1. What number of residues within the range 102-151 are more than 15 Å from the chain's Cα centre (by Cα) and assigned to a helix (DSSP H, G or I)?
2. Could you list, in sequence order, all residues of the range 97-132 that are within 15 Å of I151 (Cα to Cα) and either open to solvent by less than 10 Å² (accessible area, probe 1.4 Å) or touching a Phe, Trp or Tyr at 6+ places or on another chain (Cβ under 9 Å) (or both)?
3. If G54 satisfies all but one of (1) under 24 Å from I103 (Cα atoms); (2) open to solvent by 40 Å² or more (accessible area, probe 1.4 Å), what's the number of the condition it fails?
4. Which condition breaks for V67 when tested against (1) in a loop (DSSP other than H, G, I, E, B); (2) within 16 Å of the chain's Cα centre (by Cα)?
5. Being in contact with a Pro (Cβ under 8 Å, 6 or more places away or on another chain) and open to solvent by less than 50 Å² (accessible area, probe 1.4 Å), is that true of even one residue in the range 34-49?
Amino acid sequence: LSPGYALAHNNLAASLERDGRLEEALAHYRTALDLAPGLAEAGSNAGHLLVRLGRPGEGLTLLRELVETHPRSANVLYAMAEALDRSGRADDALPFVEQVREIDPRYPAAHYLLGKIHYERGDEAVAAESMRRFLELWSGEGEHAEAARRIIARVEGGARAPGT
């Protein structure tokens, strides 16, 4: 009904992404950005999806541009942090995670990502505390809540499973 409505393209893209139709989703995110270049949600989603699709250079470039235009957006900063972590650059992700926590201390995903990164580094006390905070803020269940509980249990039990 309204092909020039950027947010509709972003929402369609998100639905397609959830259905596993990733290239179609990317096309709609790009259309949303063509229609509204400053639409942070579409840019964050597209950048993140590009990293998932194995195109980290393209995704991170898009996210860097968004960070420059939206330096106080917790969603944009988190998308950058997660993309960096997915790209094997956890050290580069940490400052962005900290910025998200500074802007919005109640942003659950930032606490989860911080805990994940610290756990992978062997900083178990910091990891467990971050995961506890994540669970306090997270209203749902799912794989992230389960992973957070497992990390807390491993840290409190003093045993770390190999490769986790």
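The values are calculated or read from the model by the stated rules, or taken from the named source; none is laboratory data. Just so it is clear, the model here is predicted, and its values are computed rather than measured. Please note: Cβ atoms are built from the backbone with ideal geometry, for glycine as well, and neighbour counts cover all protein chains shown. What goes into the accessible areas is simple: the full protein's heavy atoms, side chains included, and nothing from ligands, DNA or RNA. Shrake-Rupley method; radii C 1.70, N 1.55, O 1.52, S 1.80 Å.
1. So the count comes out to 26.
2. Applying the first criterion (within 15 Å of I151 (Cα to Cα)) to the range 97-132 yields 111-132.
Answer for the range 97-132, where residues must be within 15 Å of I151 (Cα to Cα) and either open to solvent by less than 10 Å² (accessible area, probe 1.4 Å) or touching a Phe, Trp or Tyr at 6+ places or on another chain (Cβ under 9 Å) (or both): H111, Y112, L113, L114, G115, I117, Y119, V126, A127, A128, S130, M131.
3. (1)
4. Of (1) in a loop (DSSP other than H, G, I, E, B); (2) within 16 Å of the chain's Cα centre (by Cα), only one is false for V67: (1).
5. Within the range 34-49, the subset in contact with a Pro (Cβ under 8 Å, 6 or more places away or on another chain) is none.
No, the conditions are met nowhere in the range 34-49.
Residues checked against (1) in contact (Cβ under 8 Å) with a residue 24 or more places away in the chain; (2) outside any helix (DSSP H, G or I); (3) aliphatic (A, V, I, L, M):
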site: A13; (1), (2), (3): yes, no, yes
site: G20; (1), (2), (3): no, yes, no
site: R30; (1), (2), (3): no, no, no
site: E41; (1), (2), (3): yes, no, no
site: E58; (1), (2), (3): no, no, no
site: Y78; (1), (2), (3): yes, no, no
site: A83; (1), (2), (3): yes, no, yes
